[in-house]
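The values are calculated or read from the model by the stated rules, or taken from the named source; none is laboratory data. Just so it is clear, the structure is predicted and the values come from calculations on it, not from any experiment. Cβ sites come from the backbone with ideal geometry, for glycine too, and all protein chains shown count toward neighbours. Surface accessibility is based on the protein's heavy atoms, side chains included, excluding ligands, DNA and RNA. Shrake-Rupley method; radii C 1.70, N 1.55, O 1.52, S 1.80 Å.
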Amino acid sequence: MKIPAASGGNDRNARIERLRVSRSKDSEDKTKRALDAVDALLRSGRRITVAQVAREASVSTWFVYNQPQVHQAVQDGITAQRTPGRRNAHTPEPPQVSPAGLRTDLALAREEIKDLKKERDRLRNRVRLSLGAELEGVNQHELIERVQQIEQRNTALQQALSEARDQIAALEGQLRETEDDLTAARAGLRRAMRAVPSP
């Protein structure tokens with residue numbers, strides 16, 4: 001008499017398939033929210049940054065960097081805001097940059113770096129705690145796929161950290177230039193006031 005095959009493997013495959021479908025749906029929802037956030041920021045004239053898009057769409061900054069379609073939309077939005085000819089007709093001209101505004105941008109960039117480091121450390125900790133337990137019963141193909149996903153996440157985080165550091169360096173340079181211009185303007189104003197004859 002032939003013994004029927006155990007259904008454990010089929011149950012496991014079904015669970016994996018349901019998980020994949022759920023993750024795919026979740027990723028699609030997050031992508032739509034992020035793209036809508038970029039569009040809303042662009043139309044309103046508010047500054048587009050990775051951190052701002054992540055906040056508006058309720059997604060992680062890692063998702064914005066690691067989802068090619070979203071990351072490209074953010075880059076395109078930043079380029080559109082920096083290019084006068086491509087600004088939306090309803091988008092107001094950016095205000096004059098002040099030292100206080102640059103300091104605020106610098107503080108926001110530093111906060112974004114802190115968030116990225118925390119997220120990177122959290123992902124590393126999750127991998128360290130769960131990878132050993134997940135290895136049991138995982139075939140070689142699935143293991144390779146998971147390692148590739150981890151490497152992609154790490155690369156995205158490193159890229160995000162590098163871009164944030166570049167942004168800080170640029171903001172610090174702008175802040176120094178603005179403060180120098182402000183100092184020169186004040187000196188010129190003092191000279192002009194001294195040159196005015198007393199009544």
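Numbers for the structure displayed
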{"item": "Residue 184-residue 83 FRET efficiency (beta carbon distance; Förster radius 22 Å; 0.05 resolution)", "result": "0.15"}
{"item": "Extended-chain gain in nm, criterion 0.36 nm per residue less alpha-carbon gap, residue 130 and residue 162", "result": "8.7 nm"}
{"item": "Nitroxide proxy distance, nm - points 7 Å out along Cα→Cβ at residue 24 and residue 69", "result": "1.3"}
{"item": "Computed lengthening from residue 15 to residue 144, 0.36 nm per intervening residue step minus Cα-Cα distance", "result": "44.5 nm"}
{"item": "Proximal aspartates and glutamates to residue 30, defined as alpha-carbon separation beneath 16 angstrom and excluding residues fewer than eight positions away on the same chain", "result": "39, 56"}
{"item": "Heavy-atom accessible area order for 151, 145, largest first, 1.4 Å probe", "result": "151, 145"}
{"item": "Under 15 Å from the Cα of residue 25 - aspartates and glutamates, other chains or at least 8 residues apart", "result": "17"}
